[in-house]
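Below is one structure, written out as structure tokens; comments come after it.
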Amino acid sequence: EPGSVMKIMTVAAGLETGPIAADSHYEDNGVVEFAGMSIRNWDLLAHGRTSITQMLEDSLNVGAVWVALQTGEGPFYAELDDFGFGQPTGVDLAGELPGVLHHPGEAGWYDGFLASNSYGHSVDATPLQVIAAVNAVANDGVLMRPFVVAERIPAEGPSLVTQPERRRQVINPTNALSLRRMLQSVVDNHATAAAIPGYSVGGKTGTTE
């Protein structure tokens, strides 16, 4: 489970499909009831009127669920598919696993997955899938195919240099920029241990069970 790092993709889905904007706010009551579950923030507190940036900074589950509900099942899972969850990245290594991402209507689907998936639970992903998805935000919304081997040198003939391979545009560059600014605020104001002097650094904290 990627845990709260998935909130990056949840916000990306909300921005890209239109129900939220970079300056959106929601009312954080500390708990949300959904599909028979009581979902609470990690700090068990109600934060009142909260911005999306603040939600990411403080990693508030209630806000992530709110974004997912605003986005809706269809658009939310279409965006997670675009980000590459539940499918191999195509990396040049044998035996890559696709991970597990349930979809509405499929066998094993539970209505509560929409909420729990928004903060990175009830979904299985490889570290490579997660970093590829996050890198798409850094790369103006373009998902790239990761690779390990930079160059192959045969016994005879020219060497074969691996070229970067674009997979698809996941979110538009404007939304990617807005999200990068939010993630920079996460590091500047919360995850300060990740800061690097002289560089603008964006990131997201994450915890799983």
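Points worth noting:
- Taken together, the criteria exclude Gly95 from residues that are in contact (Cβ under 8 Å) with a residue 12 or more places away in the chain, small (Gly, Ala, Ser), out of contact with any Lys or Arg (no Cβ under 8 Å at 6 or more places or on another chain) and farther than 21 Å from Leu15 by Cα.
- The residue that is least open to solvent (accessible area, probe 1.4 Å), counting only those in segment 141-167 that are modelled with pLDDT of 95 or more and either on the phi > 0 side of the Ramachandran plot or acidic (Asp, Glu) (or both), is Gly141.
- All conditions but one from (1) open to solvent by 20 Å² or more (accessible area, probe 1.4 Å); (2) outside any loop (DSSP other than H, G, I, E, B); (3) more than 21 Å from Asp23 (Cβ to Cβ); (4) in contact with a strand residue (DSSP E or B) (Cβ under 7 Å, 6 or more places away or on another chain) apply to Trp66; the one that does not is (3).
- Hits in segment 195-209 (condition: open to solvent by less than 80 Å² (accessible area, probe 1.4 Å), within 21 Å of Val11 (Cα to Cα) and small (Gly, Ala, Ser)): Gly202, Gly203, Gly206
- Test for Gly14: is it without any contact (Cβ under 8 Å) to a residue 60 or more places away in the chain, part of a helix (DSSP H, G or I) and within 29 Å of Thr192 (Cα to Cα): yes
- Filter pass, Ala46 being surrounded by fewer than 17 Cβ atoms within 10 Å (Cβ to Cβ) and either without any contact (Cβ under 8 Å) to a residue 24 or more places away in the chain or polar (S, T, N, Q) (or both): yes
The values are calculated or read from the model by the stated rules, or taken from the named source; none is laboratory data. Quick caveat: nothing in here was measured; it's all calculated off a predicted structure. All Cβ positions, even for glycine, are placed from backbone atoms using ideal geometry, and neighbour counts span all protein chains on display. For the accessible areas, the whole protein counts, side chains as well, though only heavy atoms, and no ligand, DNA or RNA atoms are used. Shrake-Rupley method; radii C 1.70, N 1.55, O 1.52, S 1.80 Å.
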